[in-house]
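The values are calculated or read from the model by the stated rules, or taken from the named source; none is laboratory data. Since we're looking at a predicted model, the values are computed, not measured. All Cβ positions, glycine included, derive from the backbone under ideal geometry; neighbour counts span all protein chains shown.
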Amino acid sequence: MKASALVLVLLLVVTCSPIDYIVESDYSYHGNFHKYRSYNFASNMNFPGSEDEKEVVENYMKSTLSAWGYDLSDRRPDLLVFYAVFYDDLRFQGFEQPEFQTWVKHNFANKEIVFKQDTLPDGGIEESYVDKDRLYTKEDYDPVLYTFKKGTILISLFDRKRRKTVWQGYASGVFGEDQERNDRIMRSAIIRIMDEYRLLAFGAS
């Protein structure tokens with residue numbers, strides 16, 4: 001089990017030269033990960049970084065997602081990509097979850113899995129995935145509190161149809177006290193963030 005957050009988070013200590021930082025990722029049990037094939041960047045982001053930093057993030061995201069078979073689409077993309085940089089320390093509520101790649105392989109390789117919706121007493125909808133072994137619901141999120149160091153890069157994947165974030169990745173402590181923000185550091189952090197996702201698009205091989 002790895003620690004995760006929804007604003008979820010899986011904690012993985014990563015050492016890189018010349019600085020050390022923490023890479024984390026999280027996911028929703030409601031993500032339709034076996035069906036996503038297209039994406040675009042969200043248009044309503046308030047990115048606090050420079051235009052150069054924005055270009056670094058978007059160019060690398062395009063390169064990575066394209067290599068994994070995702071199409072950049074202006075017409076009803078499956079996923080919207082959000083990204084942000086936080087320059088101060090942050091605290092997030094985390095949860096215990098199965099490691100993302102293991103969970104996806106277990107659930108979506110199983111042909112018996114179905115998406116389930118239950119109506120709650122207050123009229124709301126509870127969504128979950130069911131397979132022959134178990135039910136994945138909000139009860140599987142065991143809370144853990146994490147502190148992110150100064151200089152956090154966040155990338156989120158938002159399911160446009162279901163209107164919810166299904167995956168988020170963080171690189172925390174990227175910009176240390178004596179480290180200038182530069183393209184190389186940004187690219188290194190983004191590479192490590194997206195390595196936490198590593199899923200081919202639907203139909204890609």
Being among the hydrophobic types (A, V, I, L, M, F, W, C), over 15 Å from the mean Cα position of the chain (by Cα) and closer than 27 Å to GLY49 by Cα narrows PHE92, PHE86 down to just PHE86
Filter result (more than 16 Å from ILE191 (Cβ to Cβ) and touching an Asp or Glu at 6+ places or on another chain (Cβ under 6 Å)) within the range 55-106
PHE95, GLU96
Take the residues of the range 134-159 that are modelled with pLDDT of 50 or more and among the acidic types (Asp, Glu): which is surrounded by the fewest Cβ atoms within 10 Å (Cβ to Cβ)?
ASP142
Odd one out for PRO77 among (1) buried (at least 18 other Cβ atoms within 10 Å of the Cβ); (2) out of contact with any Leu (no Cβ under 8 Å at 6 or more places or on another chain); (3) in a helix (DSSP H, G or I)
(3)
Counting only residues in the range 44-66 that are modelled with pLDDT of 90 or more, surrounded by fewer than 17 Cβ atoms within 10 Å (Cβ to Cβ) and among the polar types (S, T, N, Q), the one farthest from ARG198 (Cα to Cα) is identified as ASN59
When you go through (1) buried (at least 17 other Cβ atoms within 10 Å of the Cβ); (2) at pLDDT 85 or above; (3) not in a strand (DSSP E or B) one by one for ARG162, which number turns out not to apply?
(1)
Failed condition for TRP103, given (1) outside any strand (DSSP E or B); (2) under 17 Å from the mean Cα position of the chain (by Cα); (3) under 26 Å from VAL56 (Cβ atoms):
(3)
Matching residues in the range 25-40 (in contact with a Pro (Cβ under 9 Å, 6 or more places away or on another chain) and over 15 Å from LEU199 (Cβ atoms)) number 1
